[in-house]
Amino acid sequence: MQRTVGSYEIDDDPARIDPGAAAAFLTTGAYWGRWRTGPDIRRQIAAAWRLIGAYDPAGAMVGFARALSDGGSAYLADVYVLPEHRGRGLGQAIVATMIEEGPGAGFRWMLHTADAFGLYRQFGFAPPPDNYMERPAGAVTAASADRHAVAGTGPLEGEHVRLEPLGVRHVPGLLTAAAQDPSLYQWTLVPQDEPAMRRHVEDALAARAKGIAVPFAVVRLDDETVIGSTRFHQLDYWARREPHDTPDTCEIGYTWLAREALRTGANTEMKRLMLTHAFEVWRVSSVCLHTDVRNQRSRDAIQRIGGKFEGVLRAHRLAVDQSPRDSARFSITAAEWPAVRQHLEDLAARYAAGADRRQAAGQHPG
């Protein structure tokens, strides 16, 4: 099967593949599978179910991909285009030829990538569902097992809310919560339609799978209703002489609540649960929180729970409107945590007393 891309040719004829050219790049220019030698690459090519090559006008192989298959599922590997030939659509053509043309068009495809998410999303690839499991190559040490346990933290349960590990199953509840008052989310990314919310959740799950975030759905205990979302992210592990298995610092963010959850103490309890876990289980040295500098309501809420304002980080992150966002930075250190914990307990008591008074008066939080 052949196709042309400009002056290049894409071909799935295994006889045209140049194993030496593939080995030369994959053992020196690729960031993945660097343990392999030239003979390893040649053996993998010989055992492949399907091979795709990209060839310049002189016939030299300038791009490559291989795939393994059991006849119903397939794994795509070693996709590359030589640097000097990139930007011409060859990578897209190689992937299209492999997965959309020929014998694998109806298969379930799998792959791993660290930097080509945009390319593969065009072909329907997405982060794995919650029922996907994988054992990484090499021995699973106690330290690596603990690191994965950090990413799987939860659930965290208080008196009024439970933070449970985020999953695709939460998408309907998140949509219902977000739809109560979209005007609340001027400064926070809160998708308002099912495809966007699903992508948002899948991105969070991909971050969790990489061990760089711990996302939660916020569930109200009274009626098991999803009322928002939050997460630990920016988990930072300091270089130490002795191995350590939990982060030294982290950030709490991506936090939003439904309209009905405001002024109910839910945000205070969420932060108390997360800060308690960070400082007393992980034993971090500090927790930081960022918010759009224009989001005064969020800034006030962070200061109300004990966050100390550190300053403004200019053009720090992408804003909801896709412009560079200045972020107000707040933090709590381990030394400050005992006082903050007591402050949060006092706030919780005040919320409880207020709720009792409202209930006695026949009122409800608005």
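The values are calculated or read from the model by the stated rules, or taken from the named source; none is laboratory data. Quick caveat: nothing in here was measured; it's all calculated off a predicted structure. Note that each Cβ is placed from the backbone with ideal geometry, even for glycine, and that neighbours are counted across all protein chains shown. Each accessible area value is taken on the protein alone, full model and side chains, heavy atoms only, with ligands, DNA and RNA left out. Shrake-Rupley method; radii C 1.70, N 1.55, O 1.52, S 1.80 Å.
Might you report the magnitude of the Cβ-based charge dipole of the chain about its Cα centre, with Lys and Arg at +1 and Asp and Glu at -1, to the nearest 20 debye? Before the final figure, lay out the partial values.
Numbers: 42 positive and 44 negative charges, 129 e Å.
The calculated dipole for the chain is roughly 620 debye.
Based on protein heavy atoms only, region 222-264 ends up with 54 Å² per residue of surface accessible to a 1.4 Å probe. Per residue, the chain reaches -9500 deg cm²/dmol at 222 nm when only DSSP H runs of four or more residues are counted, each adding -39500 (n - 2.57). A crude spin-label estimate for the pair Ala30 and Glu280, with each label 7 Å from Cα along the Cβ direction, gives 4.8 nm.
Within the accessible area of the chain, the carbon and sulfur atoms contribute 52%, probe 1.4 Å, all protein chains present. The protection proxy used here, the mean number of other Cβ atoms lying within 10 Å of each residue, ranks peptides 254-266, 83-95 as follows, highest first: 254-266, 83-95. Note down the accessible area of Trp238, probe 1.4 Å, to the nearest 10 Å². The value for Trp238 is about 100 Å². Among the listed values (i) 62, 45, 38; (ii) 122, 65, 40; (iii) 82, 48, 40, the one computed from these coordinates for Cα extents along the principal axes in Å is (iii). For region 5-22, backbone phi angles converted through the Karplus equation (6.51, -1.76, 1.60; θ = phi - 60°) give residue-by-residue couplings of 10, x, 8, 9, 10, 9, 9, 9, 6, x, 5, 7, 4, 9, x, x, 5, 4 Hz, Gly and Pro being listed as x. Database remark: amide H of Met110 closer than 5 angstrom to the amide H of Ala74, Tyr75, Leu76 (H placed geometrically; neighbours at sequence offset of 5 or more, or on other chains; Pro and chain starts carry no H). Against the main long axis of the alpha-carbon atoms of the chain, helix 38-47 sits at an angle near 90°.
Ligands, DNA and RNA aside, Tyr80 has an accessible area near 10 Å² when probed at 1.4 Å.
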